[in-house]
Amino acid sequence: MVDEAGSTSLTARKMETLLAVLLGRADQVVTTDQLIAEIWGDRPPQRVNAALHVYISQLRKFLDRPGRQASPIVTRPQGYLLHLGEDSLDVNDFQLLVNRGREAAQRGRHEEAVAQFEAALALWRGRALNDVQDGPILYWYVTWLEEARLECVEMLNDAYLMLSRHREVVGRLYVLTGEHPLRESFYRQLMLALFRSERQADALKVYQHARERLNAELGLEPCRPLRELQGAILRGDELLKHTVA
């Protein structure tokens with residue numbers, strides 16, 4: 001947490017989990033049963049409700065700041081709610097920047113789109129909620145965050161390609177295809193970047209690698225856009241030098 005007093009963080013794992021769940025469902029009620037499942041899974045301690053109350057009290061003290069009239073954690077009949085008020089989350093800033101970048105790209109303002117997407121990705125510091133437990137709420141929250149991050153990365157790569165900055169993304173895309181071997185959009189972008197970098201043979205090798213990996217892992221052939229891009233590269237289609245496949 002960062003404020004005018006500086007940066008502070010929690011060290012207790014269960015407290016981190018509690019805060020992460022409340023933040024992930026900010027301004028929504030999280031039931032007592034849901035919080036128990038996130039913190040203790042299927043092995044809650046005896047007097048678990050009392051233990052949860054202690055953690056809520058400790059978290060309220062952690063979030064207390066001079067001049068704050070009331071705790072942002074509000075008790076409700078079914079559970080608890082974390083009220084953000086004027087505070088902000090990095091994830092909300094991330095979404096705002098991504099939306100601005102998407103709108104700029106749709107309007108053909110690709111330099112602006114790159115700036116917005118890069119600013120959005122700069123907010124990330126490794127994997128989301130990497131140190132907290134993975135109960136059902138946090139699991140799907142982290143899954144959604146990671147999907148949003150990868151979508152931003154895809155749109156940034158497309159913006160670079162639209163600006164003919166294909167050589168700049170080749171190395172990054174090799175890493176991305178290695179980290180996400182079943183995400184065909186990264187293969188597509190890498191093939192196009194290589195073709196535009198006068199590396200037609202390498203682009204075709206990427207397609208072959210993608211085909212072998214998808215077939216081995218899922219028993220599937222590459223999707224239609226990837227197959228069509230391979231065909232266009234084999235033909236040396238001049239249009240590929242000017243448009244995103």
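One table, with the values for the structure above:
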item: Identified option (computed Cα Rg over 2.2 N^0.38 Å; candidates (i) 0.98; (ii) 1.29; (iii) 1.07); result: (ii)
item: Rounded to the nearest 20 debye, dipole of the range 11-127 from Cβ charges on Lys, Arg, Asp, Glu; result: 380
item: Within a Gaussian network of the chain (alpha carbon springs, distance under 10 Å), most fluctuating of Ala148, Ala120, Ala70; result: Ala70
item: Cα gyration tensor, the range 164-233 - rounded (a/c under 1.5), prolate or oblate; result: oblate
item: Residue-averaged [θ]222 nm for the chain, counting only DSSP H segments that reach four residues, each worth -39500 (n - 2.57); result: -20000 deg cm²/dmol
item: Accessible area of Met155 in the full protein assembly, 1.4 Å probe (Å², nearest 10); result: 40
item: Relative contact order (%) - the chain, alpha-carbon pairs under 8 angstrom, separation at least six; result: 15
item: The chain: most fluctuating residue of Ser185, Ser88, Ser197 per GNM, C-alpha cutoff 10 Å; result: Ser88
item: Nonlocal amide H pairs with Gly79, under 5 Å, H built at 1.01 Å; result: Thr32
item: Cα long-axis angle, helix 13-24 against the chain (0 to 90 degrees, to the nearest 10); result: 70
item: Built amide H within the under 5 Å cut-off of Ile73, gap 5+; result: His83
item: Cα lying deepest toward the dipole's positive end in the chain, options Ala128, Cys152, Gly24, charges on Cβ; result: Ala128
item: Charged-residue dipole, Cβ positions (Lys, Arg, Asp, Glu), the range 135-239 about Cα centre, Debye nearest 20; result: 240
item: Farthest toward positive dipole pole in the chain [+1 Lys/Arg, -1 Asp/Glu at C-beta], among Ala201, Gly236, Gln106; result: Ala201
item: Among Val91, Val74, Ala51 - extreme Cα towards positive end, dipole of the range 48-114, charges at beta-carbon; result: Ala51
item: Tilt relative to the chain, helix 90-106 - C-alpha long axis, 0 to 90 degrees, to 10; result: 30
item: Solvent-accessible surface (1.4 angstrom probe) belonging to Thr143, in square angstrom, nearest 10; result: 60
item: Accessible area of Trp124 in the full protein assembly, 1.4 Å probe (Å², nearest 10); result: 50
item: Gaussian network model of the chain, springs between alpha carbon atoms under 10 Å - residue of Leu145, Leu35, Leu84 with greatest fluctuation; result: Leu84
item: Dipole magnitude of the chain about its Cα centre (Cβ charges: Lys, Arg +1; Asp, Glu -1), debye to nearest 20; result: 200
item: Degrees, to the nearest 10: 224-235 long Cα axis against longest axis of the chain; result: 30
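The values are calculated or read from the model by the stated rules, or taken from the named source; none is laboratory data. Because the structure is predicted, anything quoted here is derived from the model rather than measured. Cβ atoms come from the backbone with ideal geometry, glycine included; neighbour counts cover every protein chain shown. Note: areas computed on protein heavy atoms with side chains; ligands, DNA, RNA excluded. Shrake-Rupley method; radii C 1.70, N 1.55, O 1.52, S 1.80 Å.
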